[in-house]
Amino acid sequence: MLTLKIKRTTVAVAWAGNNTKFCEGPGKRILAAVAEMKLGEIQIRDSFRTADGGISMIPILFLAPFPGMANLATAIAQKMGIQVIVEVTDDAQAQAIVNKYPDTEVIVSRGGVAEKVRGFDNMSVVEITMSVNDLLSVLSRLTGQGIRRIGIASRANLFDGTMGDFSIADTEVYIRSCTDEQEIHQTVLQFSEQQIEAVIGCRMAYETARECGLVAELLDSSAVSIRKALEEAVRIVKAKESEKLQAAQLTAIIDNIEEGVIAVTGDKKVSFYNNLAKRICTEPNKKLTFSHIVDLLNYRNQEKIVSINGNSVLARIIPLEFNNKKRGDVITFHEVSSIQAFERKIRFSSYQKGLYAKRSFDDIIARSAIMQQLIAKAKNYATYKSNLLIYGETGTGKEVIAQSVHNHSRYHKGPFVSVNTASIPPSLLESELFGYAEGAFTGARKGGKQGLFELAHGGTIFLDEIGELTPEIQSRLLRVLQEKEIMRIGDDKIIPVDVRIISATNRDLFEQVKTGAFRQDLYYRIHVLGLRIPPLRERAEDIPLLFDYFVRRMSAREGKKVRISAGAMKILKAYSWPGNIRQLRNIAEVITYGGDEVIEPAHIDDVLREQETRVEQSKSITIPAGGSLKQMEGEIIKCLLAKHSTDEVCRQLGVSRVTLWRKTKDLFQ
């Protein structure tokens, strides 16, 4: 048993499948019509169902002009599977009733009440209309009682403003549309004076007719009309719910993007702004002002960098058009600091490519005074932006110093790009360093390619073996050092870069400058600051530390315990180490993998002798006897090219690159 409480009347409803019984009372006749309606004639969205499968209250308020309609509306809503609020009211009380339900979104009513609530703000109103069948049903009932003069008085919205006198068979019908209850009252009084026998109308017409002693019939809305009105109300609620969801999604998106958004109307008033825009436009005194924004409207369809409350932003002004008419503007802007941070974040993905420095000053194993002085000087140089040249023999650890300087510098959060210039063919080095535009040459990657200088933006680029650069690359590198900007091959756009350049060489660059092999102006550009890495023979007291470190690390990897004798260590300290730390590491690796638990002097002698033999053999060139002079020359060039770069071969032979090319053009065919 479900009890529905409605103002002025209570109706008890018992549900038993499709059979519905109503108690005796004012709504018996009109409620009986509901029993003929089929269950499930309208499907309710899942959003109106509770977690346990029940039906939740939806924001529809049904305002009935009399109890009978309220009873019918309640029963129809039950059949539809929706819960609506039903109240009986007149025009005067409509405002108070609506105020009781602030969550209402749609009001269903008719006549004067519908007209009254239509003027309320943010309220959708669905009017219950009268069908011809509703009217004919009442007229038929009255004529069946022998009544031949019938007056109809109602609000204009019930019959779309229809007025006039009509004859139906032998019955006279007088229809009057009224604007308010007072006019309805007066119209019924006039009917009484005109000898009208019966009056059909709304509550006011009904009550006035009864007072005049006339036959009175309420102008009822049928179950079909009420159901259609409720269906329309549900449709509106669904549409509003969808609009609210879309608005909430849009607001959430706009408020959480890393971009300020401000909408400006045609009269230059701000109508919308997101959270980022609010933060930027709020002055230090907590006052929100958009004065800076309005000034930007002079730069439509442009991008402009401006300062707003001390924040540098990149603003874009987009005209807003609707139905081919300009309706205002939308201004979007990014904080310059945010753009830079985003750029750093993208560039920081270079860590995934290995473009970062692994070593720091803490990783350098040294206790000699010369190395301690070097480390102190390197730490001091790391605090500056000036270009740094690291020079020393092969294998002294120039890249370790370079990485340590980077990690100790202001660029430590940026990438560390290491380039061995000698390992990249001269024909490819330029495109690797500076990148290229799409279509710059045959085989160029679609979309072009970033160069290593671009990848190093905000960090450090380490140019190892810089003495191997060709004159053409030296010239381009000089421009980068001077202007801090690059241009990709095949492009016409300048790209600014903020990089610190650390160079390294095992050559005497000053001597190369004297011979013209290296540009003098480039030399002084890269050698603003200089660090000479001492060879291992100048820091002999560091040899035991380094050798012990290498042995322990390699033996741990193999699960062994290896110990070095004092005699063996004495030999290591006395050796000249032409290959420096790299050679020392190789010796430690060979001895550790030899399987002996104690390293004796003999082990050291054997390994050193074997390496020196290889070096001596690598310095010799074998020329078969009986060959021609040209063949002998070819063998010499082949052997040199197998061990050295083209420039080094030219230097050793004392010939130009063109001469070398001429002598070798048929050599490898």
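Rounded to 0.05, the FRET efficiency of the Tyr549 and Ser423 pair, given R0 = 30 Å and the Cβ-Cβ distance, is 0.65.
Summed over all non-identical Cα pairs, the Kirkwood treatment of the stretch 354-532 gives a radius of 16.8 Å. Backbone amide hydrogens, once placed in the peptide plane, bring Ala440 within less than 5 Å of nothing, excluding anything fewer than 5 places away on its chain. Here the stretch 496-510 is scanned for amide nitrogen atoms under 20 Å from the site 7 Å beyond the Cα of Lys484 along Cα-to-Cβ, giving 496-503.
Each of Gln372 and Arg532 was given a label point 7 Å from its Cα along the Cα-to-Cβ line. The distance between the two points is 2.1 nm. The number of Lys pairs in the stretch 257-329 with C-alpha atoms less than 30 Å apart, excluding pairs fewer than 8 positions apart on the same chain, is 21. The Cα atoms of the stretch 473-522 give a gyration tensor whose axes a ≥ b ≥ c have a/c of 1.5 or more with a/b greater than b/c, which makes the shape prolate.
What shape does the stretch 257-329 take by its C-alpha gyration tensor, where a ≥ b ≥ c are the square roots of the eigenvalues and a/c under 1.5 counts as rounded, a/b above b/c as prolate, and the rest as oblate? Since a/c reaches 1.5 and a/b is larger than b/c, the shape of the stretch 257-329 is classed as prolate. Rounded to 0.05, the FRET efficiency of the Val294 and Asn323 pair, given R0 = 30 Å and the Cβ-Cβ distance, is 0.75. Summary of the geometry: the stretch 268-294 and the stretch 96-174, compared by the centres of their Cα atoms, lie 52 Å apart. Contact order for the stretch 354-532, expressed relative to its length and based on alpha carbon pairs under 8 Å spaced 6+ residues apart, stands at 29 percent. What spacing in nm lies between the two simple spin-label points modelled at Lys560 and Lys278, each 7 Å away from Cα in the Cβ direction? A separation of 6.9 nm, rounded to one decimal place.
Under the simplified labelling scheme, the Asn256-Gln520 pair shows an inter-label distance of 6.4 nm, with each label point 7 Å from Cα along Cα→Cβ. Scalar couplings 3J(HN,Hα) for the stretch 250-255, obtained by applying the Karplus form with A = 6.51, B = -1.76, C = 1.60 to θ = phi - 60°, are 5, 4, 4, 5, 5, 6 Hz; x denotes Gly and Pro. With an a/c value of 1.5 or above and a/b larger than b/c for the gyration tensor axes a ≥ b ≥ c computed over the alpha-carbon atoms, the stretch 537-619 is described as prolate.
Rule-based calculations on the coordinates, nothing more; no lab input. Being a predicted model, the structure only gives us computed values, none of them experimental. Methodologically, a virtual Cβ is constructed for each residue, glycine included, from the backbone with ideal geometry; neighbour enumeration extends over all protein chains shown.
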